[in-house]
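Only one structure is covered here, and it is reproduced in the block below.
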Amino acid sequence: MYELTALKVTDCRRCRLSRSRTQIVNGSGHVGAAVMFTGEAPGKAEDLMGVGFQGQAGKIFDAMLAYLGLRRDQIWLNNAVRCRPLQGQKNRTPRPDEIQACRPWLLQDVDQIAPRLIITLGRISYASVTGHDDFATMRGKLVSVPGLPSVFPLFHPAYLIYRREMRSVMCHDLTALLRYMDEHGIEHSPGQPGLCLS
Ligand code: SF4
């Protein structure tokens, strides 16, 4: 289990997602992390377990971390929104007003964890962190945003479940990310360079 901290939000009702959640899925990991990963929203398994990136997407996320030589207890992991968005019984994309309502909690994590690098996972996460809508052109590149640490956008792991052919693109981006981490002294283990998402 990962270290949970005072960054826990315990009873927020700022948006309609408070009505569909089983529980709030707070950020988790290491409070002194140099790297923060931000996903989109909790899904069914996360909503039940209270921890981000479970199930198939979680396995891909863990493979990404292994490639980078990182473990969950060395990073900080959170989402653009902390409660599960539902359409009927299915997950849906969080709406702009829900992302806006949850953004103060995201910024609180950035302020208190003070990471050197934020890795956004998917278009929604990228837009929620940066306010930009150019994910398609900036994915796999370093992005500077005034007032924030450097941002490095990647695909969301869930995207790779059905788009297996995009795994090689993700590996290319992860290699660029690894190079950036090495050049900027961001600590990590040797990783598994020959085993990207295998
Ligand atoms: S999604 Fe965020 S803002 Fe909305 S109720 Fe949950 S914690 Fe609060």
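The values are calculated or read from the model by the stated rules, or taken from the named source; none is laboratory data. None of the values given here were measured: they were computed from a predicted structure. In this analysis, Cβ positions are derived from the backbone assuming ideal geometry, glycine residues included, and neighbour counts consider all displayed protein chains.
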Any residue in the stretch 90-99 that is more than 9 Å from the ligand (Cβ to nearest atom) and under 25 Å from V169 (Cβ atoms)?
yes
Picked from the stretch 53-64 (must be without any contact (Cβ under 8 Å) to a residue 40 or more places away in the chain and touching a helix residue (DSSP H, G or I) at 6+ places or on another chain (Cβ under 7 Å)), the residue surrounded by the fewest Cβ atoms within 10 Å (Cβ to Cβ) is G55
Taking the criterion of being crowded, with 19+ Cβ neighbours inside 10 Å and within 26 Å of T93 (Cβ to Cβ), would at least one residue in the stretch 176-183 satisfy it?
yes
Only one of (1) over 27 Å from E187 (Cα atoms); (2) more than 12 Å from the chain's Cα centre (by Cα); (3) in contact (Cβ under 8 Å) with a residue 60 or more places away in the chain fails for V81. Which number is that?
(2)
Condition first: in a helix (DSSP H, G or I) and either of a type in the set (G, A, S) or without any contact (Cβ under 8 Å) to a residue 60 or more places away in the chain (or both). Can you find one or more residues in the stretch 6-20 that meet it?
yes
What pairs come out if I take residues in the stretch 97-113 that are at negative phi and pair them with residues that are surrounded by fewer than 21 Cβ atoms within 10 Å (Cβ to Cβ) and part of a helix (DSSP H, G or I) whose C-beta lies under 8 Å away, six or more apart or interchain?
E98/R16; I99/A127
Are any residues in the stretch 32-52 β-branched (V, I, T) and either buried (at least 21 other Cβ atoms within 10 Å of the Cβ) or within 22 Å of Y180 (Cα to Cα) (or both), and if so, which ones?
V35, T38
Please verify whether the stretch 36-47 includes one or more residues that are within 15 Å of the ligand (Cβ to nearest atom), of a type in the set (S, T, Y) and not in a loop (DSSP other than H, G, I, E, B).
yes
With respect to V51, determine if the residue is away from the ligand (no atom under 12 Å from the Cβ), touching a strand residue (DSSP E or B) at 6+ places or on another chain (Cβ under 9 Å) and of a type outside the set (F, W, Y).
yes
Qualifying positions in the stretch 10-35 - farther than 25 Å from L68 by Cα, more than 9 Å from the ligand (Cβ to nearest atom) and among the small types (G, A, S)
S20
Let me confirm something: among S125, S144, S189, S150, which residue is modelled with pLDDT under 95 and polar (S, T, N, Q)?
S189
